[in-house]
Structure formats: C-alpha cells, structure tokens
Amino acid sequence: MRVLLIEDDPMIGQGLVTALSAAGMSVDWVRDGVQAEAALRDEGYAIVLLDLGLPRADGFEVLKAGRREGIDTPVLIITARDHIDDRVAGLDLGADDYLVKPFETRELLARMRALIRRRAGQATPSLAAGALELNTDTHEMSCGKVMGVLPTREYALMYALLERPGRILSRAQIEERIYGWGEEVESNAVDVLIHSIRRKFGKGVILNVRGAGWMVPKS
C-alpha cells in the first residue's frame, strides 16, 4: 500500500519511512504544508500520516483544504500537540484518528491497519478471494494447504491485487503501489515478484491478462 507521510522533522520522518517500508508499505514523504496539499490530490494513497507543526501551511490547514476538496483518504494525525482542544479540532476537521508523539511504531501500524480496514469495510485483518487469504497483520498468505510469510515487496503486490479481486492492474499501477517516489525500478521487477509468488503458491494465484496486466480471480 502507498502511504503519504507529511512530516517536517528529518529524524522522525526518516525513522517512519524506514519502519513503514519494513512493514511492506511504499512511502512518499513531503515536508511542508504546500507540498502536502498538492500530494493529497493523488488518489493512490491508502492512508495519510499528518503532522500539525508544518512550515508554509499548518497541518490543520492542509486537512481542512483536503476535506473541502472532497478528498476522503483516511488521515491519521501524528503530533506532539497533546491538548484536548487540538485533538477535538483535528477530529472535527475530518481526521480519522489522532496519535500523540512519542509513540511506539507497533501502535502506529495497528492504528493504520484499523483505519484502512474500516475504509474497506473489513472487520478482520485479512484480504481474501476464493482459497487465497492474506493476513495484513502478519503478512502471512495461504492458498489451500500452502502457507507462508511474504517478503515486503511480494506482500505489497498481493495487497494491491487482493484489495479488489477481479480488477486488472497494469504494470505501471503495480509499480506505483509498491514503490515510493525516487526508487529505481528494474524493468522486470514486477515479473520477478509474480514469478516468485507463483512458484510458492501456484500459477493460478495471479492471472495474466494479455496486454492489460495482472489480477487475482474473485473465486
């Protein structure tokens, strides 16, 4: 999944990029409010992590502008502001959750998973299609009697395909979902990932639609 991180502190930002990438997420990081308002218009994000104390435009301004434009991507505020008035203001402006710094990475990840599940209408931490099931907490995938924990990129690819079984994703769409800004992507990177997944779980796990892309069958 793609995450938009809006954070001006370089140490905190780099730490979050590292932690989120290790959890199988593709992270785009912006460091001021004006850049944030532009990045929010990209509809490809699963969730936004928003700091409040930003240069050029306050986090509240960014949030207010985004919601006014009809952007409905889940927003989790991450900030050192712990006053109740700030919490209420953030939630009233359209934030989906509010987390005060410092926080444990595992709590942040749990809150992110909960918000993403809520948006997708899921009650449990898994995506499924037919005999295929992906646990979004443990990154374990099962297909019939075959089970295994997916490496970061393979997990990100399967997450993208399993969000909407039956939907075809092109090579460009898959690359956009599993790689962040500025990452160098080999021309055959997606093919290598798909080959690895098929080798473990069977060729029928991911179907190729000639000239269009790949999909996970609905059943």
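The values are calculated or read from the model by the stated rules, or taken from the named source; none is laboratory data. None of these values were measured; they are calculated from a predicted model. Neighbour counts run over all protein chains shown; Cβ positions are idealised from the backbone, glycine included. Just so you know, the surface numbers come from the protein's heavy atoms only, side chains and all, with ligands and any DNA or RNA stripped out. Shrake-Rupley method; radii C 1.70, N 1.55, O 1.52, S 1.80 Å.
Checking the condition farther than 23 Å from Met158 by Cβ, open to solvent by 30 Å² or more (accessible area, probe 1.4 Å) and of a type in the set (Gly, Ala, Ser), which residue from Ala57, Ala38 passes? Steps first, please.
On the way: Ala57 fails: open to solvent by 30 Å² or more (accessible area, probe 1.4 Å).
Just one listed residue meets the conditions, Ala38.
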Quiz prompt | Set Thr138, Thr73, Thr79: member being of a type outside the set (Lys, Arg) and open to solvent by 60 Å² or more (accessible area, probe 1.4 Å) | solution = Thr138
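When you look at Ile6, is it under 25 Å from Leu169 (Cβ atoms) and touching a residue at least 40 places away in the same chain (Cβ under 8 Å), yes or no? Show your work before the answer.
Working: under 25 Å from Leu169 (Cβ atoms): no; touching a residue at least 40 places away in the same chain (Cβ under 8 Å): yes.
Against the criterion (under 25 Å from Leu169 (Cβ atoms) and touching a residue at least 40 places away in the same chain (Cβ under 8 Å)), Ile6 does not qualify.
Taking region 196-207 as the search range and keeping residues that are without any contact (Cβ under 8 Å) to a residue 24 or more places away in the chain and over 10 Å from Leu161 (Cβ atoms), which one is least open to solvent (accessible area, probe 1.4 Å)? Explain how you work it out, then say what you get.
To start, the set of residues in region 196-207 that are without any contact (Cβ under 8 Å) to a residue 24 or more places away in the chain comprises 198-199, 203-204, 207.
Restricting the remaining residues to those that are over 10 Å from Leu161 (Cβ atoms) gives 198-199, 203-204.
On the way: Arg198: 67, Arg199: 163, Lys203: 168, Gly204: 52 Å².
Among those residues, the one meeting the criterion is Gly204.
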Practice problem: Would you please name the residue that is modelled with the highest pLDDT, looking only at residues in region 175-203 that are touching a helix residue (DSSP H, G or I) at 6+ places or on another chain (Cβ under 9 Å), of a type in the set (A, V, I, L, M, F, W, C) and more than 19 Å from Met141 (Cβ to Cβ)? | Solution: Ala189
Quiz item: How about region 112-164: which of its residues are within 26 Å of Val185 (Cβ to Cβ), in a strand (DSSP E or B), among the aliphatic types (A, V, I, L, M) and without any contact (Cβ under 8 Å) to a residue 60 or more places away in the chain?
Solution: Leu127, Leu134, Val149
Exercise. Name every residue in region 136-161 that is at pLDDT below 90 and more than 17 Å from Ala19 (Cα to Cα), in order of residue number.
Key: Gly144, Lys145, Tyr159, Ala160
Quiz item: Among (1) open to solvent by less than 20 Å² (accessible area, probe 1.4 Å); (2) of a type in the set (Asp, Glu); (3) in a loop (DSSP other than H, G, I, E, B), which single condition is Glu186 missing?
Solution: (1)
Exercise. Could you run through region 208-219 and say how many residues are surrounded by 14 or more Cβ atoms within 10 Å (Cβ to Cβ) and of a type in the set (Lys, Arg)?
Key: 0
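Tell me the residue from Leu193, Leu162, Leu132, Leu127 that is closer than 21 Å to Asp28 by Cβ, hydrophobic (A, V, I, L, M, F, W, C) and crowded, with 18+ Cβ neighbours inside 10 Å, please. Break it down stepwise before answering.
On the way: Leu162 fails: closer than 21 Å to Asp28 by Cβ; Leu132 fails: closer than 21 Å to Asp28 by Cβ; Leu127 fails: closer than 21 Å to Asp28 by Cβ.
Just one listed residue meets the conditions, Leu193.
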